[in-house]
Structures are given as structure tokens and as C-alpha cells.
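The values are calculated or read from the model by the stated rules, or taken from the named source; none is laboratory data. None of these values were measured; they are calculated from a predicted model. With ideal geometry, Cβ positions are generated from the backbone for all residues, glycine too; neighbour counts draw on all protein chains shown. Just so you know, the surface numbers come from the protein's heavy atoms only, side chains and all, with ligands and any DNA or RNA stripped out. Shrake-Rupley method; radii C 1.70, N 1.55, O 1.52, S 1.80 Å.
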Amino acid sequence: MPDALSEEIKRNDPVRPRLSGATASVAALGLLGSFVTSCGSSGSGDGTTLRLVAAEYGTSPGTSSKEYWDRLIAAFTAAHPGKKVEVTLHPWAEIDREVTRLVEEGNAPDVALMGAYSDFAAQGRLYAADELLSVRVESNFLAPLVKAGSVDNTLYGLPFVASSRLLFYNEELFDKAGAKPPKTWNELETAAKALKAEGVPCPYALPLGPEEAHAEALIWELSNGGGYAGDTGGYDIASDRNTETFRWIKNNLVEPGLTGPVPPGGVNRKDAFAAFLRGEVGMLNGYPSLLHEARAKGMKVGTLRMPVSDTLEDGMATASAGVADWMMAFKRDGNRELVGSFLDFVYEDKNLTTFASRYHLLPSTVTASQASKDAANPGNEQFLDALSGAELYPVNEPSWLQVSNTIKRNIGRAVAPSSDPKAVLDGIADEVQNIVDQRE
């Protein structure tokens, strides 16, 4: 939750990862660059000073994450006399590279917050959750996030904030076109045709450009019972269901001109969202922060679960797409006790919900999610319900960062006019297999 999640922010994922990276849910903060906020000097290695390197979720000095961390650190150090915490913030576009550099230099932080974790887990550099957290905190994470944060059934990636995706539709445009909110692909096609007949420039926005194509693709794949992950691990990019999905999108939406004047492979999520907020898009997949922006503009927006394929067997359940951003704790001599205390504090409901609310993301724990529902935040409950049954990117595969970049660069070609979706997916699958083989 950026997937901010994930890749909810423009990142090298994710979340986002960041479904992009979560969760990553706002734009990268290039104007601030990197800066440090601390309650103490650099890490001493004696168990008294903790170093956190984290992604910046804000989009301006006024929305910077610095304010949140300053307040949290002040409260933590007041409750833990003699302890110090140092935080370095980096834009999403730089965070993966910076943490990797520190690790390679032998100067890993104690804790990092970013869009991926599994490469470090595969190297044996991370603490498992049960080595750090109290039972109360460890058992409180939402089940889909635990699954995505685990390697060989051991939780290494601690989900921080997340987001899920719902289909957004402009109620005013739907009313003018006499369209009905769709529950199936065929109903989505019918609604898109009605919107086009009414003169809507882009009945359905299909952002398969390189910014976050892997998220849009996953949403569609899941709605047909497909996805990226294989049944027994690894990847299954070119499955029959995924091929059927892209063939339907090409034949029923793209070729009839229902996805707007720009080819989907050239449309990025950021541009699709901006067009939706201008009233030029009838439908698109979005996350909580977009709903907040739309309602702040006075738009009448409906949300619902992604429509499902009409070819699915009756009663077959499909998952929503979710994205999360991850806390991870690096093994260092003498730091385990302090890291555990700090993370227990971070995951207290009041602290987690404060951060999630600030950036219109979803908290990662059961109790904080329930508190968010009770807060009557418009639209939050539907996103939280979708997250509870979501499928995330296969971030527990150490190769996911490279694989996701391959998907982002190429998946838009699957719906291009002269393309064969099967051939495009097979090509991506071959490249993915080469990535996996090179890592083994």
C-alpha cells in the first residue's frame, strides 16, 4: 500500500508496492530527497540506538512522513529511557537501492520499511517475527498479509500498511448513459458500450503502461481464477486462464475502442486516475486514496468488487488484489531486544491507524482494521473487507522485483492490435524462467 502501498507509489517493485509496492499509495517524493530525523546519534551497536531506513510516503513537506516518525519516536524514547532511534527517509524511487547498498556495504539498518523483503530473507539476513514480536502482535496480522510475508511458513516480512483494489465508477456518467454497475465481464462490456455511446472519452481505463501494469493485470487475472503464482510455488504467467483473460480484454474492450484513445500499453495508472478525477473515465480499478480525492472534489463515485468472468463455474470464489509494504528487521549483534520493543510499539493500534489514516491506506492488523471500520471512514469498510480475502503479489519469491519489472515492461503488448496474447504471455514466462534460473 503505491501497489501502498506497495505499488501504490511509484517504485521499483512495489505497494507498490508497491498492489505498489502498498501499498504504496501516493507519488514519490523527489522534491525532498533524502533526509534524517533522529532522537540520537548514529547507531552504536550496543543495543541503545536503533536505525530505521524507511520510504517517504508524503508528496510535499507538509505531508512528509517525518512528522509521524518524530512523534512516534518521541513517545517511544520517553517510554524507554536511554534508548535512541534514528530514522532516514528516502523517496520510493530510491529506497530499494539505498537499503541494498547499505546491506552490501555491511552497514544494514536495524529496521527497514520498503516494498519487498524476500531477497534479504533468502540471504538469511532477517529476523523471523517470532524472534522479535510479542505473541499478541505476531498473531494480529491479517491472514493474507501473513501468507505474503512468509517464506517456508516463517514470517519475515512484517506487513505495515496495505491497500486493496475495487472497481470505481462515475455515478453521474452511469446515470446519463443508463448503465448499471457491473458484476460480470459481460456486464462491464455492456456498461462500457453505453458510456461510449453517451460520448464518454474513456469508458474503461486500462493502465497497462510500465508504471503499474502488473497491478492491473493481476486484478483481471484474479477475476478469472488466474494469477501470477503457481499452485505449488513459483510462477504461472502463461496459464490457460491468464491467456483467456487477455484474449477477452483485447477482443471485447480494446478492439471495440472501449478503453480510450491511447493504447493501454501507453497508459499509466497516474494518468488514468487524473482522467477519472476530470470526469473523462467511466470505470477503472482504484484504491482508497483515489476515493478520498474523488469525494473531496464532490464526485459521486460508486465502488464494487471487480466483476468476474462469465465463464467461471458457479460458486467459484475469486480473490481481490491487495498490496502491502513491509517492515523487516536485520540481524545485528545486540539489537534484537531493542528492535522487538520498537516494533511492538509501532504495531500498537493507535500508532498504526494514525499512519494509515494519514495516507488513506489500510492498517495491517486485525484490531486496527476493526478500529478503522468503526471510525466510519467512508469506503474504508469495503476496502478492508476486500483486503481480508485478497491475494497479493508473490513477494515471498526472491525474484519478484525482477519478475514484476518484466511484467510491467511487456504485459501491455498482450492487448496490442497485432498481438497474440498467448505468444506475449509465453514470452514473458520464458523471460521470468530465465530470471529464476539465473538466481539458482
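Quick notes on this structure:
- When residue 227 is tested against (1) part of a helix (DSSP H, G or I); (2) within 18 Å of the chain's Cα centre (by Cα), just one condition goes unmet, and that condition is (1).
- Among the residues making up region 270-289, those that are open to solvent by less than 30 Å² (accessible area, probe 1.4 Å) and at pLDDT below 95 are 287, 288, 289.
- Residues of region 393-440 that turn out to be open to solvent by less than 60 Å² (accessible area, probe 1.4 Å), polar (S, T, N, Q) and under 17 Å from residue 213 (Cβ atoms), as a count: 5
- Any pair with Cβ under 9 angstrom, 6 or more apart, that starts in region 417-433 at a residue that is over 28 Å from residue 260 (Cβ atoms) and ends at one that is modelled with pLDDT of 95 or more and open to solvent by 60 Å² or more (accessible area, probe 1.4 Å): 429/236
- Within region 146-163, the residues that satisfy the criterion of being under 29 Å from residue 277 (Cβ atoms) and touching a Pro at 6+ places or on another chain (Cβ under 8 Å) are 161, 162, 163.
- Number of positions in region 320-345 that are modelled with pLDDT of 95 or more, open to solvent by 30 Å² or more (accessible area, probe 1.4 Å) and acidic (Asp, Glu): 2
- Hits in region 244-266 - residues which are in a helix (DSSP H, G or I), β-branched (Val, Ile, Thr) and open to solvent by 10 Å² or more (accessible area, probe 1.4 Å): 254
- Within region 62-87, residues that are under 18 Å from residue 352 (Cβ atoms) sit with their Cβ atoms under 7 Å from residues that are among the acidic types (Asp, Glu) and open to solvent by less than 30 Å² (accessible area, probe 1.4 Å), at 6+ positions apart or across chains, in these pairs: 65/56.
- Any hit, region 267-278, residues being in a loop (DSSP other than H, G, I, E, B) and at positive phi: no
- Taking region 324-440 and the helices (runs of 4 or more DSSP H) fully enclosed by it, the elements with 1 or more residues that are of a type in the set (Asp, Glu) are at 336-346, 349-358, 366-374, 380-388, 421-439.
- Positions within region 134-190 being basic (Lys, Arg), surrounded by fewer than 19 Cβ atoms within 10 Å (Cβ to Cβ) and not in a helix (DSSP H, G or I), in sequence order: 180, 183
- In this structure, residue 192 does not qualify as under 30 Å from residue 372 (Cα atoms), of a type in the set (A, V, I, L, M) and in contact with a strand residue (DSSP E or B) (Cβ under 7 Å, 6 or more places away or on another chain).
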